[in-house]
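Just so it is clear, none of the values below were taken in a lab; they were calculated from the coordinates. Bear in mind the structure is a predicted one, so any value in this text is a computation, not a measurement. Neighbour counts are summed over all protein chains in view; Cβ atoms, including those assigned to glycine, are modelled from backbone coordinates with ideal geometry.
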Amino acid sequence: MREAAVRHSETPAPYAPEHPQHPRNRINGIELMFLLHTVPIGVGVLGMVRFIADKAGHDAPLAVLISGLYPQVGVLFMWLLLKRFRTMGIYEIHQQLFGRWVGKIFNLAFASYCLYAFFMTLRTFTELVNTWLYPMMSPWVLSLIFLVPMIYASYAGIQLLGRYAIMTFFLTSWILVLIYFPIMEGSSSYLLPFGSNGISRIFQGSLLSALSVLGFELLMVYYPFVSYKKDVLPAATIASWSVTLVYLINAVVSIMFFSLPQLSKTIWPMLTMFKHVQVPFIERFETIVIAVWILKVVNTAGTYLWAGVDGMLKTIPVKKWVLYGLILILALVFSNALHTRAEINTQLNFLSKLGLGLMIGYPLLLWLLSLVLRKKGVEPS
Amino acid sequence: MKKSAMALTLALAVACTGVGCGKRQQRQLEQLGVISAISYDKGDQENILGSVVIPNFTETGQEKIDVLTGRGATSKELRFNLSRMSERKLVSGQIRVVLYGEKLAKSGIMPYSDTLFRDVEIGSQIDLAVTDGRAMDFFTKRYPDKPSVDIYLYRMLRKETEQHTLPKTNLYHFLHDVYDHGRDPVLPYLRLGKEDVIVDGVAVFRDDVMVGRLDPEETRMLSYLQGGAALGEVDFKLEEKNQTGEQVHAVIMYMDFKRKVDISEKQGHPIFNLKFAIQGAISEYSGDADLEQEPNLRKLETALKSKLERSMSGVLRKLQQEYRSDPLGLMELYRSKGFVTDEEEPKRLSELYSKAELQVKVEVTVLQTGMIH
């Protein structure tokens with residue numbers, strides 16, 4: 001009897017489900033790596049080569065390679081910032097750095113950005129499904145259908161999202177095999193000559209791929225939940241370059257497959273490429289690709305949603321389910337309000353600029369501020 | 001507990017909306033007019049004449065196919081007008097063949113093909129062709145011993161492409177080449193025979209405007225010039241005469257076909273050296289020479305070589321000077337060597353092409369002479 005009592009007292013005190021120490025809120029290095037790898041690959045990749053090729057022309061693959069530097073540099077700055085504040089994430093850092101009330105404003109702003117990114121992912125994918133599969137279905141119905149798994153995944157917390165990211169990766173990686181068909185049709189002469197467009201145009205092209213590398217800024221939100229902080233830098237580095245590799249393959253195949261003026265007219269080059277895939281038992285493979293792509297979109301949007309909600313919950317006293325309900329309603333309302341291709345495009349341009357700033361400039365700025373203000377994280381007691 | 005209840009509520013909500021959703025469209029096969037082939041012709045003024053082939057799934061008609069003909073200013077208006085003639089709803093997801101009348105092709109076909117690649121329902125591997133005379137006559141004519149016209153045309157064009165008697169041409173290739181500044185498309189050219197359709201060479205385009213055509217013999221040469229033809233036969237008339245005094249013919253079957261393009265520049269003129277290495281077998285020979293003797297074989301090889309060089313460069317010159325069209329994509333290769341930058345590309349490529357110097361060199365090696373020598 002006595003022994004049992006002792007053992008009981010040794011088990012750690014149970015944490016509330018929202019507490020960062022709760023086992024459901026811990027992710028390990030592998031889960032972090034897959035999260036960072038899969039979240040950027042959402043809807044953006046389907047259309048990204050067009051924007052890059054508009055500027056960089058035949059050198060689009062080079063531009064993509066250069067754009068691999070942005071997440072890497074961003075990761076470095078974030079790591080500097082996060083290391084200085086020990087176990088804190090962006091939301092705690094805001095409050096530590098700016099004080100309680102100003103910090104709250106910054107928290108709300110960052111959380112709103114995450115929710116904005118979540119909403120735009122949802123809306124772009126709805127538009128895509130509208131165009132390719134169900135032209136008659138009104139956006140809010142599609143949004144509702146997609147919102148269910150997104151909210152479900154994000155409600156369950158970071159650990160589930162991490163494991164879901166691993167699953168998404170393996171369930172969608174077979175799509176890579178399909179590039180065999182466009183490569184067979186394509187001509188390698190379109191890749192040549194290397195670098196003929198000059199460094200400035202290649203660089204401008206690389207900036208335009210910003211929309212597709214968004215997702216790394218969430219590292220600042222994941223950080224307090226990572227079990228071993230030493231894993232963060234290698235995991236993030238591997239993730240950033242593997243994302244670039246995926247994009248590089250996409251860019252090379254697209255440039256080979258399309259002629260340049262044709263590419264600049266195509267909204268979703270990747271899907272148009274898969275449209276060309278024909279095997280004896282299935283024509284129109286893009287339909288299947290879109291259906292499978294839902295997995296990826298749920299992953300991306302769900303994670304952004306979780307990051308936004310996490311920030312809201314840490315800042316204002318509100319019940320979790322009330323917040324989710326509110327977001328559900330707002331998402332439905334906005335998805336019907338925003339309905340033309342042109343409007344969506346403007347919003348996406350804005351999002352990509354904002355996101356790139358938040359990924360690279362913002363952590364650097366915060367880090368410099370913390371140096372000036374001599375603030376840093378305290379060792380947890 | 002609370003969580004699962006919420007998930008259940010949401011799932012129910014979705015299920016209800018899905019079922020009761022207003023604009024549900026009935027799409028049973030019998031009620032659909034699945035268009036399998038479509039043709040465009042020039043009509044009066046701005047209008048186009050079009051006709052569509054719809055396979056009959058129902059047992060009401062005697063014919064295997066329905067052919068509807070109408071007119072309209074755009075391709076979709078045409079479909080709308082045609083739809084009023086049918087008891088079924090017309091859908092374009094299964095279009096396999098698109099025909100353009102020659103007159104329409106000569107005024108540019110892009111304005112009427114926009115919908116083919118804007119509409120996501122339509123696949124990218126459908127076959128396009130230009131017809132001698134009105135395209136719609138190809139659908140209304142009856143071919144007693146053939147399958148229905150849509151399947152007939154589709155299978156024939158596929159087969160011809162596979163055998164390299166036609167260059168690869170489908171919607172994807174056509175659009176790719178129309179948009180490309182350094183390349184022009186070709187499409188198969190069809191002619192009506194007595195009871196059948198004959199593939200009569202290709203129609204040559206400059207951008208989307210038909211500028212001329214090549215006969216079947218020239219088309220073969222074009223297909224070889226584009227490279228990558230591993231199978232195929234070609235017939236030669238040789239200088240020598242046989243015992244009975246008739247001209248000797250030889251037919252060579254390609255077993256291996258390699259193309260190499262050397263590109264250089266001299267005083268602003270592009271210079272293209274196209275080198276072909278052909279290894280093949282003799283599949284027919286009406287002469288008397290013993291082909292097992294080395295000198296005889298060399299003589300034959302030289303004859304084949306000069307004949308091929310002559311006809312290939314003849315086709316090239318025709319394309320370059322007469323039609324000013326570049327189906328080989330030579331200017332794209334020229335650009336890829338870095339002679340022209342992306343910015344000045346569109347303006348200069350066609351001008352440079354007309355000044356280009358084209359040379360063809362062929363190496364023929366006869367590996368086998370068949371079962372006899």
**Message:** Taking 10 °C and 1.306 mPa s as the conditions, I'd like the Stokes-Einstein D for chain A in µm²/s, using the Kirkwood hydrodynamic radius from alpha carbon pairs.
**Reply:** 73
**Prompt:** Ranked by Cβ crowding within 10 angstrom, fewest neighbours first, how are B:VAL364, B:VAL202 ordered?
**Reply:** B:VAL364, B:VAL202
**Relative contact order for chain B, counting Cα pairs under 8 Å that sit 6 or more residues apart, in percent** = 12
**For B:117-125, mean number of other protein chain Cβ atoms within 10 Å** = 5
**Asked** Amide H of B:MET255: which non-local residues (sequence gap of 5 or more, or other chain) have their own amide H closer than 5 Å, using H built in the peptide plane?
**Response** B:GLN279, B:GLY280, B:ALA281
**Between the range B:60-116 and the range B:353-368, the alpha-carbon center distance in angstrom** = 42
**Message:** Quick check: the distance between the Cα centres of the range A:33-84 and the range A:201-269, to the nearest angstrom?
**Reply:** 3
**Request:** Name the residue farthest towards the positive end of the dipole of the protein assembly as shown from the options A:LEU263, A:THR168, B:GLN247, assuming +1 on Cβ of Lys and Arg, -1 on Cβ of Asp and Glu, about the Cα centre.
**Result:** A:THR168
**Item:** P(r) weight above 20 Å for the range A:45-162, C-alpha pairs, percent
**Value:** 66
**Asked** Going through the range A:189-289, which chymotrypsin sites (Phe, Trp or Tyr not before Pro) have at most 14 other Cβ atoms within 10 Å and a DSSP loop state?
**Response** A:PHE194, A:TYR228, A:PHE281
**Message:** What do you get for the angle between helix A:69-84 and the principal long axis of chain A? Use alpha-carbon atoms, 0 to 90 degrees, nearest ten.
**Reply:** 0
**Message:** Checking the table A:LYS296/B:LYS347; B:LYS241/B:LYS266; A:LYS229/A:LYS275; B:LYS159/B:LYS258; A:LYS296/A:LYS353 against a 32 Å threshold on Cα-Cα, which pairs fail?
**Reply:** A:LYS296/B:LYS347; B:LYS241/B:LYS266; A:LYS229/A:LYS275
**Request:** May I ask you to sort B:LYS361, B:LYS241 by Cβ crowding, counting other Cβ atoms within 10 Å and putting the fewest first?
**Result:** B:LYS241, B:LYS361
**Item:** Contact order relative to length of the range B:101-205, as percent, for alpha carbon pairs under 8 angstrom and 6 or more apart
**Value:** 28
**Prompt:** Rounded, prolate or oblate: which one fits the range B:141-287, using the alpha carbon gyration tensor with axes a ≥ b ≥ c (rounded when a/c is under 1.5, else prolate when a/b beats b/c, else oblate)?
**Reply:** oblate
**Asked** When only DSSP loop residues count, what trypsin sites (Lys or Arg not before Pro) in the range B:248-326 have their Cβ near at most 16 other Cβ atoms within 10 Å?
**Response** B:ARG324
**Complete:** If A:THR346, B:THR69 are placed from fewest to most neighbouring beta carbons inside 10 Å, the sequence is A:THR346, B:THR69
